[in-house]
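The values are calculated or read from the model by the stated rules, or taken from the named source; none is laboratory data. All values reported here derive from a predicted model rather than from experimental measurement. Cβ placement follows ideal geometry from the backbone for every residue including glycine, while neighbour counts extend to all protein chains displayed.
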Amino acid sequence: MITRESQQMFNFAPRMKLQRIALFISGNGSNARNISDFFQNHTQIRVGLILSSAQNPLMNEFCVEQNIPFEVLNHMESDAYLNVCQKHEINWVILAGFLKKIPEAFIEAFPNRIINIHPALLPRFGGKGMYGKHVHEAVSKSTVHFSGITVHLVNEEFDKGMILAQYAFSLKNRSSTEAIESHVRILEMKYFPRVIESVIQAEIIE
């Protein structure tokens, strides 16, 4: 039962500021589409920008349909990326298959607010050149018994930021590159949006 007193408390409770996230992509943007769908009707978090490092007509079409701003920048200069993010009032940056190295100045502009996903269990199979199929090939040739995904904050070094979450699956009989990639994709689609939501909501509450 809501009393008059509790109703007054509710009316005067401070509203949480809407958090606008930018999704940075380099490939076809499957993760970005999945994240956009996840937050489509969210009350606290909204996709305020999808930014691609290459021309992407299909993603541009998707953004038009979803009423999401779409930008293309093929050179990683801090000022250019900062200007775009500021124009769209971005609070968080999500690297959803973005292959360019993030400059230090840009990282400093979003301290602990740039989140990346890596298609393996860090700290192994990370670093420069370890992306996409290169990671899955390295895992397939190794003697590890598990692979998975790692969601982590971004710092000045490739794949060295604080780990936020990891999800794993068992490798069986020297799993092929294709099989590993397929399992990783399933984990990405299921968990990446949820981790983003949890991290941002935790910060809002604090």
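Is it the case that region 157-175 has a residue that's on the phi > 0 side of the Ramachandran plot and free of Cβ contacts under 8 Å to residues at least 24 places away in the same chain?
Yes; the residues of region 157-175 include at least one that is on the phi > 0 side of the Ramachandran plot and free of Cβ contacts under 8 Å to residues at least 24 places away in the same chain.
Condition first: touching a helix residue (DSSP H, G or I) at 6+ places or on another chain (Cβ under 6 Å), modelled with pLDDT under 95 and surrounded by fewer than 14 Cβ atoms within 10 Å (Cβ to Cβ). Can you find one or more residues in region 8-28 that meet it?
yes
With (1) part of a loop (DSSP other than H, G, I, E, B); (2) modelled with pLDDT of 95 or more as the list, and GLU156 as the residue in question, which single condition is left unmet?
Condition (2) is where GLU156 drops out.
Could you tell me whether GLU61 is surrounded by 15 or more Cβ atoms within 10 Å (Cβ to Cβ) and either at pLDDT 95 or above or among the charged types (D, E, K, R) (or both)?
No.
Kindly establish whether ASN31 is in a helix (DSSP H, G or I), within 24 Å of ARG194 (Cβ to Cβ) and among the polar types (S, T, N, Q).
yes
Conditions tested, residue by residue: (1) among the basic types (Lys, Arg); (2) at pLDDT below 95.
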{"position": "PHE110", "(1), (2)": "no, no"}
{"position": "ASN116", "(1), (2)": "no, no"}
{"position": "LEU121", "(1), (2)": "no, no"}
{"position": "LYS128", "(1), (2)": "yes, yes"}
{"position": "TYR131", "(1), (2)": "no, yes"}
{"position": "SER142", "(1), (2)": "no, yes"}
{"position": "HIS145", "(1), (2)": "no, yes"}
{"position": "ILE149", "(1), (2)": "no, no"}
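Which residues, taken from region 121-154, are crowded, with 17+ Cβ neighbours inside 10 Å, under 16 Å from the mean Cα position of the chain (by Cα) and not aliphatic (A, V, I, L, M)?
Residues satisfying the conditions are TYR131, GLY148, THR150, HIS152.
Between a residue in region 96-108 that is within 22 Å of ARG185 (Cβ to Cβ) and any residue that is among the β-branched types (Val, Ile, Thr) and in a helix (DSSP H, G or I), which pairs come within a Cβ distance under 7 Å, given they are 6 or more apart or on different chains?
Taking only residues 6 or more apart or on different chains, the pairs are ALA96/ILE35.
Of all residues in region 77-97, count the ones that are over 13 Å from ILE50 (Cα atoms) and either surrounded by 15 or more Cβ atoms within 10 Å (Cβ to Cβ) or among the hydroxyl-bearing types (Ser, Thr, Tyr) (or both).
3
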